[in-house]
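The values are calculated or read from the model by the stated rules, or taken from the named source; none is laboratory data. Given the structure is predicted, the values throughout are model-derived calculations rather than measurements. We place every Cβ from the backbone using ideal geometry, glycine too, and count neighbours over all the protein chains shown. These accessible areas exclude ligands, DNA and RNA; they are computed on the full protein's heavy atoms, side chains included. Shrake-Rupley method; radii C 1.70, N 1.55, O 1.52, S 1.80 Å.
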Amino acid sequence: MAKEIKNIYLVNKYAMPPKYESRLRTIKFAHYLQQCGYNVTIFGCSIMHNMNLNLIEDNSLYVECQYDDLSFVHVRSLPYQGTAGVKRILSEIQFHYNLVKVMKKKPKADLIVATTDGLISNPVLSFAHKNGIKYVKEVLDMWPDIFVDMGLIGTKNPVMKYLLHKAKKNYAESDATVFSLTGCFDYIRAKGWDKEQGGPVDMTKIYYINNGVDLKDFEKWKSENTIDDDDLKSDKKKVIYLGSLRLVNNVRQLVLAAEKMKDLQDVIFLIYGDGDDREPLIQYCKEHNLSNVKFKAKWTDPKYVPFILSNSYLNILNYISSDFAKYGISSSKMFQYMASGRPIVCNINLPQCPITNNKIGIAHEMKDENDYATAIRSLLELPIEKYEIMCKRSRETAKIYDYENLVKQMIKVIKNL
């Protein structure tokens, strides 16, 4: 009989304390797993991603912190800036090797659920195998294929071949793999990695659990954390984008679509977020006198997000192309958008699309800004009765992706180990 799993380590280099965290999956899984009787410790980096902040101020290998019911261990690694570069890669590698050193000092886990690993090798998986610990790999994007989809590297590049070899090895050697992307089964089969095609991956150990939203928090925060903002209080119909402003997000297409809708005097586009494209887009709006587009806060405390989104008329999901999302997306903001009870417009095709399937907006490849503007305009001009029905469906769809329900799916995975 298999040993009962009680002590769980959740490994995510980018997991941060709740007051900084916008990617909620790890901390919400920890919270609800504990409510179900598991003992959970989160292992994250001491460096707060995209913030000039290190939680270790001396030479310590790690620091332990308690945030309400969340037990965190922040592990030292190299500081870095930006989303790429040698320092970022070295930080990834060092974190996971340091993590193993820390785990050796801690009470033994029964299960390690790892959302990140060490890039070149996987010391955490090796540690789990050597110590009889079950290991579940979480996959939140189709890494390393994302580099090919963004045109950063070719499929025949030796580095890419090695990274794919490593990914296949990790899937094969993990006790289970949980993807947050709907197309995960198609992905494994397209690679020829499944046992049915002679590969090493057992498809019965592959699971799909998407990201989600904590509806209890959402409703609580919406009423308790308001913002005195004239744009949000305005009677205009607010089209809101909240997220990064980088190449992959393609927010430029949204700005160009907004330019096509300058005739709509009762509509304003509000863009929240930061990234390499923010300043060039601000400059474009100035040069073209786009008074219907406003750039808001670079960073938004998660507790204010429900209030912001609930003041929208519709919300925007934006990406560079359908190739980027051919196996699905796991964007946390999509589920926050649903919880806000507002329609969603997405500028790419999504497999098994929750937006299209649940009739809560429009999602397809927008060939240009004219196509995009037409889609947005159609929802802005939807008869109010139909609009309100769509809003209701959006709130109902959010219940499917409530983290309290998603954790129940994770527990089924754990019990099958």
Which distance in nm do the two modelled labels at Ile153 and Lys195 give, with both placed 7 Å along the Cα-to-Cβ direction?
3.0
Taking all protein chains in place and a 1.4 Å probe, what share, in percent, of the accessible surface of the stretch 304-417 do carbon and sulfur account for?
50
With both partners inside the chain, how many of the DSSP beta bridges are antiparallel, as a percent to the nearest 5?
15
Separation between the Glu219 and Asp68 pseudo-spin-labels, each 7 Å from Cα along Cα→Cβ, expressed in nm?
1.6
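Averaged per residue, what accessible area in Å² does the stretch 120-207 show with a 1.4 Å probe, protein chains only? Present the calculation step by step, with values, prior to reporting the outcome.
Numbers: 4050 Å² over 88 residues.
Value returned for the stretch 120-207: 46 Å² of accessible area per residue.
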If I model the stretch 113-262 as equal point scatterers sitting on the Cα atoms and use the Debye formula, what is log10 I(q)/I(0) at q = 0.10, 0.11, 0.16 Å⁻¹?
-0.56, -0.65, -1.00
Taking the radius of gyration and the Kirkwood hydrodynamic radius from Cα positions alone, what is the Rg/Rh ratio for the stretch 227-299, to two decimal places?
0.94
Descending Cα extents along the principal axes, the stretch 160-211, whole Å:
28, 24, 21
What part of the accessible area of the stretch 1-72, given as a whole %, is carbon or sulfur when the probe is 1.4 angstrom?
47
Can you grab the distance from the C-alpha centre of the stretch 135-201 to the C-alpha centre of the stretch 22-51, Å, no decimals?
24
Portion, in percent, of the accessible area of the stretch 77-138 that falls on carbon or sulfur, probe 1.4 Å:
59
How long are the semi-axes of the equivalent ellipsoid of the chain, defined as square roots of 5 times the Cα gyration tensor eigenvalues? Whole Å, largest first.
37, 23, 22
